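**Q** Below you'll find the structure I mean.
Values in this text are rule-based calculations from the coordinates and carry no lab data. None of the values given here were measured: they were computed from a predicted structure. Note: ideal-geometry Cβ built from the backbone for every residue, glycine included; neighbour counts use all protein chains shown.
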Amino acid sequence: MHRNATLAALVVVLLIGLAPRLWVLSTGPGTIVQYVPDDAFYYFQIARHIVAGNGSTFDGVYMTNGYHPLWMGLLLPFAAFFASPLAFLKAGLAAAIAFNLICAVLLYRLVRRTTGIGWLAVAGSAAYFLNSQAILSSLDGLETSVSSLLFIILLYLTLSGRMFRGDLVHLARYGIILGLLFLSRTDNVFYLAAFFLVALFQIPQQHRLSRSAVLLGVVALIASPWLLWNLFRFGAIVQSSGLAYPYMQHIAYLNEGHTTLGMWLWSLMYFVLYLAMWFNEHLGFPFVFFQTTLTFSLLVIARRRNERDPQTRLAVWTILALWVAGILLVFVHTFVRWYPRVWYFDQLIVLSAFTFCLAFAFLDLKQKLVLLVRSIERRLPDRAVWRKTVGAIAVIAGAVSIAFLVFTSAIQPPYPHQIEMLDAAEWLHENLGKGESAAAFNAGIMAFFSGRRVVNLDGVVNNAAYTAFLNGNLAGLLYDSSARYYLDFDPIMLQMYAPFFGEMKNRVRMVAIQAINHPGVDWLGEPIRVYRLDRLP
């Protein structure tokens, strides 16, 4: 494909992909909260408190490390500049969409540089940017887009090879980006290890020890302040958000009478089922496609192992290393944590698209397609007219079909029940004084839009609540919090966390006073209920 035509096709892909993203961005809070998970509002609310001088806290009282630091740092200027909650939210989402757009452009450049096939580069970019889950992940208000952007920058730099053959300055830059990848999502440590191993074997042998030490040192310099702060302030290097909910699930499972062996067997089944079924749903590629791309890569290795083609070998081994890291990431969030969220695996959409492009180019599938088209052309009386007609129909039908699919898949909000949380925020704003507080397990939207103090009870952004879990004294935290009301989807949440309330639960009387039931939506069949909290001596 001619370069100008290729760029035009890329622009069309980007415009189609931007349309649903910008549509959501242009809507009001009632629509946006159905696309942005409640967890994202933890970031925005904590950023507000940091800017206000209250420290790293969600509610202004209890400290937390339940977030990834790079995205939090990027949100701070927006928190300082935008007083309106909706304007602040939209600014953060706009930044995430911009990062996601850069991801698509870099993926195009990476595929074009690696394969030399322009139209394949457009296809690779489209496979990511038009993927319905990638669209939703770019709108989640979380660290997803910046994490994926750093991932693809590292992939681009790794396959260029210049970072390892140049001077120490280039290597230090590579290490800085590795460190930022870790700070963007700390579970990116698996990808960090994969990139480091690839870099290690690309460094000339005579400099391998010294330069790998430099690389590790730079990464440690970037990552250590965050880890040390976690360790000395909270007693662990892992955030409370990574520990609280999985701990609750494991204890609840054992309390149902299951054995530890049964729990590990269930974990293994969960891991396998997630790979087999959820990859198909959330990546937008059938699981067999995922398997096939890996098989293609292995075939490339077998085919090229006796040929002197270092660029091909580097690309293939890098991809395989990153796939292993990605599978380990899925393993941790399924087998260990029991809490895989779709935005954890956005990089695998990038990786799947890039792997397919490599397999297509390295296995000479282009030549096979050309031969097929030519065999069809030989049977036609007027080849020129056929080419123009079919080409025009294919372009128009393809663009219309893709646009339709993108809009219909992305237009469905993944969290329609969260509009009840917005209703709950309005209730809090009207019924709770500025100096008073409430409590909830799902506290993000309620706190962000109400302008009132809402204590987080599930420990995700409240390390005191996580400690209360461990001590079996969640009711004690609720008693000491001075919260006037409890609001959440009940009885679901209260039943889920019942084993952790402890003996103090008899000193906190919960009196149901109202149900917030938005027409047409609910979560697992239950509305949000408001309870008045009466403290007994």
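**Q** Residue by residue through segment 58-67, what is 3J(HN,Hα) from phi via Karplus (6.51 cos²θ - 1.76 cosθ + 1.60, θ = phi - 60°)? Round to whole Hz and write x for glycine and proline.
**A** These are the phi-based 3J(HN,Hα) values: 8, 10, x, 10, 8, 6, 8, 10, x, 7 Hz.
**Q** Can I ask one more? Between I492 and V105, what length in nm is gained on full extension when 0.36 nm per residue of separation is reduced by their alpha carbon distance?
**A** Contour length minus Cα-Cα distance gives 134.9 nm.
**Q** For a footprinting-style exposure proxy, rank R532, R48 by other Cβ within 10 Å, fewest first.
**A** Exposure proxy ranking, most exposed first: R532, R48.
**Q** Using a 10 Å cut-off on Cβ atoms, rank the peptides 107-114, 333-340 from the highest mean neighbour count down.
**A** 107-114, 333-340
**Q** While we're here: Where does each of 216-226, 446-456 land if you order them by average Cβ count within 10 Å, highest first?
**A** Ranked by mean Cβ neighbours within 10 Å, highest first: 446-456, 216-226.
**Q** Next up: Show me 245-255, 118-128, 192-202 ranked by packing, highest mean number of other Cβ atoms within 10 Å first.
**A** 118-128, 192-202, 245-255
**Q** Using modelled amide H (1.01 Å from N, peptide plane; none on Pro or chain starts), what sits under 5 Å from the amide H of I516, excluding residues fewer than 5 places away?
**A** I528, R529, V530
**Q** Any idea which of A498, A483, P519 is furthest toward the positive side of the dipole for segment 416-535, if Lys and Arg beta-carbons carry +1 and Asp and Glu beta-carbons -1?
**A** Farthest along the dipole direction, towards plus: A483.
**Q** Residue separation times 0.36 nm, minus the C-alpha to C-alpha distance between S212 and D167: what's the value?
**A** Working it through step by step, the gained length comes to 14.9 nm.
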